[in-house]
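Beneath this line is the structure, given in structure tokens, with notes to follow.
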Amino acid sequence: MSASPAAETEAPASQATESDIVIETRNLGKIYRDFWGRKKVAALKALDIEVKRGEIFGLLGPNGSGKSTTIKLIQGLIFPTSGRAFIFGKDARDVTKNERIGYLPEESYLYKFLNAEETLDFYGRLFDMPADVRRERADRLIKMVGLDRARRRQLREYSKGMTRRIGLAQALINEPDLLILDEPTTGMDPIGSREMKDLIVRLREEGKTILMCSHQLADVQDVCDRVAILHQGELRELGRVESLLKVRDVTEIHASSLSDEVKAKIAELIKNEGGSVHSIDNPTTTMEELFLDIVRDDRPGSRPSSN
């Protein structure tokens, strides 16, 4: 699709505040066509989002919802059928923006016969880094992602979780301002998943902007500041996580050491004031927290000695 001269010079709405807006899409759409040019599927329809500097922004949706298409459009890997995407105030098709982006794809296509050090050295060379800078960054990143003991093992010996870790290190080798993570915890056990999420939060605290694509609800809930929920190519919901998860017409009260008699009085008071009591019970935790608590407590040295 060829753009008009006016469209080519059109500036993003947020150009004046480029320091605040890292990603902006305006009416962004993508239609895939068959060999004869006939419309096959509308993968994305009129997407309008802004990702602010220093936040973790989640793209949430089931398979086929348009998440991967959005990521490809933002990186300039494919071209939109309609609308525009801007990164750091530049058109997504401008390749100079890539120096400031780190990308962890859903499937890490890494060279299996290289070890962790060689892998990061290879990607550092692609950014034309001096040898001493490559060595320093590779050493620091390998330790950061928890692969220090496996730094000289070939990647073909890595588990899926270890492969995700070295993939993240690879995405950070150029010290990007924007990090795009596509299903960062896929293939990881609960402990590895928790450690990956903690690392993502740490990267935000260091000032990085993160766009995280996932269909894992717990991952998005745990780390994202704001989320966009996509379904069938359309934006269905957009907002802060705590606001979207809040049930507006239900009031929750947390208390401890209440007798059954006191609970009955509270229930009666609510009814007298025109409210409805749905339940008065003990709160529940999540399956993830329960599992992690059990496993952590069972680690050597986590329990007091019986001697």
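Scalar couplings 3J(HN,Hα) for region 240-245, obtained by applying the Karplus form with A = 6.51, B = -1.76, C = 1.60 to θ = phi - 60°, are 6, 4, 5, 6, 5, 8 Hz; x denotes Gly and Pro. Computed on the Cα atoms alone, the convex hull of region 94-249 gives a volume of 134 cubic angstrom per residue. Using the Karplus curve 6.51 cos²θ - 1.76 cosθ + 1.60 with θ = phi - 60°, work out ³J(HN,Hα) for each residue of region 46-54 in order, rounded to whole Hz, and write x for Gly and Pro. Each residue's phi maps through the Karplus curve to give 6, 7, 10, 9, 10, 10, 8, 4, x Hz.
Amide H contacts of MET212: PHE57, GLY58, LEU59, LEU181, each under 5 Å away and 5 or more positions distant or on a separate chain (H built 1.01 Å from N in the peptide plane; Pro and chain starts excluded). Averaging the sequence gap over all C-alpha pairs within less than 8 Å and six or more residues apart, then dividing by the number of residues, gives region 74-233 a relative contact order of 24 percent. Along region 59-73 the Karplus relation, 6.51 cos²θ - 1.76 cosθ + 1.60 evaluated at θ = phi - 60°, assigns HN-Hα couplings of 9, 10, x, x, 4, x, 8, x, 5, 5, 4, 4, 4, 5, 5 Hz to successive residues, with x for each Gly and Pro. Charged neighbours of ASN98, selected by a Cβ distance under 15 Å, balance to -1 (K, R count +1; D, E count -1).
Semi-axes of the equivalent ellipsoid of region 83-147 are 27, 15, 11 Å, computed as sqrt(5λ) over the eigenvalues of the C-alpha gyration tensor in descending order.
Under 13 Å from the Cβ of ARG33, count the other residues' Cβ atoms, weight Lys and Arg +1, Asp and Glu -1, and hand me the total.
Numbers: positive: LYS30, ARG38, LYS39, LYS40; negative: ASP34.
Its environment carries a net charge of +3.
Packing, taken as the mean count of other beta carbons within 10 Å per residue, orders the peptides 191-201, 90-100 from highest to lowest as 191-201, 90-100.
Where a number appears in this text, it was derived from the coordinates with a stated rule and is not lab data. Predicted model only: the values in this text are computed from it and were never measured. Glycine also receives a Cβ, built like all others from the backbone with ideal geometry; neighbour counts cover every protein chain displayed.
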